[in-house]
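What follows is a single structure, written as structure tokens, with notes after it.
The values are calculated or read from the model by the stated rules, or taken from the named source; none is laboratory data. Predicted model only: the values in this text are computed from it and were never measured. With ideal geometry, Cβ positions are generated from the backbone for all residues, glycine too; neighbour counts draw on all protein chains shown.
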Amino acid sequence: MNPPKPAKVNAEDALAQLDHDIEMRVSAIRANHPDWLCRMGCDSCCRRLAEIPTLTAAEWQRLKTGLEALPASLFATVSQNISSMARQTARPLVCPLLDQGAGACLVYDHRPTACRTYGFYVQRDKGLYCQTIEAHVAAGDWHTVVWGNQDSIDRRLAGLGKTEALTEWFAALVTHDVPDELG
Ligand code: SF4
């Protein structure tokens, strides 16, 4: 007799589990390193995006909920920011979802996974952390840092539907040309 197949986990549940696992790691790092730099008020990574962010379908569904809850004026600002980002050829990019005056994410509870992991999955060969963290680690300030494995996150994200650029997802939202989001 064949062993029973594992129950299929839907993308929303899988994303919630991923959020939970990331939060556990973030909490542990913060507990062991109270001076860790990634915290409310530091927005330098949001101001220096190497490329237009990409999101899986499940992440987009979550982000879309946050965008649709914004007041109309803020939604219009975000829309303008995203249009500008789509046209910009120079790099780095400022995230269109950053409130630049407040230095805070406009959709914090709904932000993409990359924003949750950045700075907490320091990986030697990928540099997934800012130069300030890099300098502290190199100086031995945080010698107990557990080097992260962003690849494991990427493997889990791969099961959360197709991946598109934020600009593509957003264009479909405002034109109501809904793509096959879970394809
Ligand atoms: S979505 Fe929010 S947390 Fe992520 S880069 Fe943009 S402003 Fe920063």
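Residues in region 94-132 that are at pLDDT below 75 and over 17 Å from Pro53 (Cα atoms): Tyr121, Val122, Gln123, Arg124, Asp125. Evaluation of Lys64 against the conditions (1) away from the ligand (no atom under 12 Å from the Cβ); (2) in contact (Cβ under 8 Å) with a residue 60 or more places away in the chain; (3) surrounded by fewer than 16 Cβ atoms within 10 Å (Cβ to Cβ) shows that the sole unmet condition is (3). Considering every residue within region 75-97, establish whether at least one is over 30 Å from Gly140 (Cα atoms), under 17 Å from the mean Cα position of the chain (by Cα), within 15 Å of the ligand (Cβ to nearest atom) and hydroxyl-bearing (Ser, Thr, Tyr). No: region 75-97 contains no residue that is over 30 Å from Gly140 (Cα atoms), under 17 Å from the mean Cα position of the chain (by Cα), within 15 Å of the ligand (Cβ to nearest atom) and hydroxyl-bearing (Ser, Thr, Tyr). Inspection of region 5-22 finds no residue satisfying the criterion of being over 16 Å from Ile153 (Cβ atoms), under 14 Å from the mean Cα position of the chain (by Cα), surrounded by 10 or more Cβ atoms within 10 Å (Cβ to Cβ) and of a type in the set (Asp, Glu). If the condition is being acidic (Asp, Glu) and either modelled with pLDDT under 75 or not in a helix (DSSP H, G or I) (or both), then region 135-151 contributes only Asp141.
Screening Ala50 with (1) exposed (fewer than 13 other Cβ atoms within 10 Å of the Cβ); (2) modelled with pLDDT of 95 or more; (3) of a type in the set (A, V, I, L, M) gives one miss only, at (2).
Residues that are touching a Phe, Trp or Tyr at 6+ places or on another chain (Cβ under 7 Å), surrounded by 15 or more Cβ atoms within 10 Å (Cβ to Cβ) and touching a residue at least 60 places away in the same chain (Cβ under 8 Å): does region 90-111 have at least one? Checked against the condition, which is being touching a Phe, Trp or Tyr at 6+ places or on another chain (Cβ under 7 Å), surrounded by 15 or more Cβ atoms within 10 Å (Cβ to Cβ) and touching a residue at least 60 places away in the same chain (Cβ under 8 Å), region 90-111 yields no hits at all. For Cys38, the criteria (1) surrounded by 15 or more Cβ atoms within 10 Å (Cβ to Cβ); (2) out of contact with any helix residue (DSSP H, G or I) (no Cβ under 7 Å at 6 or more places or on another chain); (3) under 20 Å from Leu173 (Cα atoms); (4) not polar (S, T, N, Q) hold in every case but one, which is (3).
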